[in-house]
Amino acid sequence: DSINGGNGQDILKLDAGNIHLDLSGGGAPSVSGFETVDLTADNGQTEFSITDTDVAAMSAEGNAEIFAELGISQDTLLVNGDEEDILNLVQQSADGGSWVLDAAATGTYDGYDVFTYTNGVGLVATVAVDEDVQTNLVNIS
């Protein structure tokens, strides 16, 4: 299964509530061509799990808002939601990389916490998360 937003700035809206879309595990659908994910639902919690590889596959074009705020143009994802929602940023220790909260970028981008994934080669992915969304850093060995 695959979902493709195509060219341009596209939003993947998960508005059903009480769901968990986990792209980090095997058997997950292939999602590409989306630069924003909206977790906001009127009827319950939405949970979303991704790896750095998922971010790169989803948004190779890059999110225009993140570019305007931070100057980062590729492999960026904007995640909107509310206090009921959860984002799991999954790090796969096999590549030696990790997700970290970028304090400088978070201070620059009002209303968002900015997480970056870096490995031995350099910056791999950037995710700006609505500060209302609970964000978990999950390590899979």
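The values are calculated or read from the model by the stated rules, or taken from the named source; none is laboratory data. Keep in mind it's a predicted model, so treat the numbers as computed, not measured. For neighbour counting, all protein chains shown are included, and Cβ atoms are generated from backbone atoms with ideal geometry for every residue, glycine included. When the accessible area is computed, the model is the full protein with side chains, heavy atoms only, and any ligands, DNA or RNA have been set aside. Shrake-Rupley method; radii C 1.70, N 1.55, O 1.52, S 1.80 Å.
Things worth noting here:
- Of the helices (runs of 4 or more DSSP H) entirely within region 1-110, those holding at least 3 residues that are touching a residue at least 40 places away in the same chain (Cβ under 8 Å) occupy 52-58, 64-70.
- Total residues in region 1-30, condition open to solvent by less than 30 Å² (accessible area, probe 1.4 Å) and under 21 Å from Ile140 (Cα atoms): 2
- Scan region 111-126 for residues that are assigned to a loop (DSSP other than H, G, I, E, B) and modelled with pLDDT of 95 or more and the total you get is 1.
- Test: Asn4 is out of contact with any Asp or Glu (no Cβ under 8 Å at 6 or more places or on another chain) and more than 20 Å from Thr135 (Cα to Cα): yes
Conditions tested, residue by residue: (1) within 12 Å of the chain's Cα centre (by Cα); (2) more than 30 Å from Gly44 (Cα to Cα); (3) open to solvent by less than 20 Å² (accessible area, probe 1.4 Å).
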{"site": "Asp110", "(1), (2), (3)": "no, no, no"}
{"site": "Thr116", "(1), (2), (3)": "yes, no, yes"}
{"site": "Asn119", "(1), (2), (3)": "no, yes, no"}
{"site": "Gly122", "(1), (2), (3)": "no, yes, no"}
{"site": "Val129", "(1), (2), (3)": "yes, no, yes"}
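- Total residues in region 127-140, condition in a strand (DSSP E or B), at pLDDT 95 or above and β-branched (Val, Ile, Thr): 3
- Just one of the listed residues (Ile140, Ile86) is exposed (fewer than 14 other Cβ atoms within 10 Å of the Cβ), in contact with a strand residue (DSSP E or B) (Cβ under 6 Å, 6 or more places away or on another chain) and on the phi < 0 side of the Ramachandran plot, and it is Ile140.
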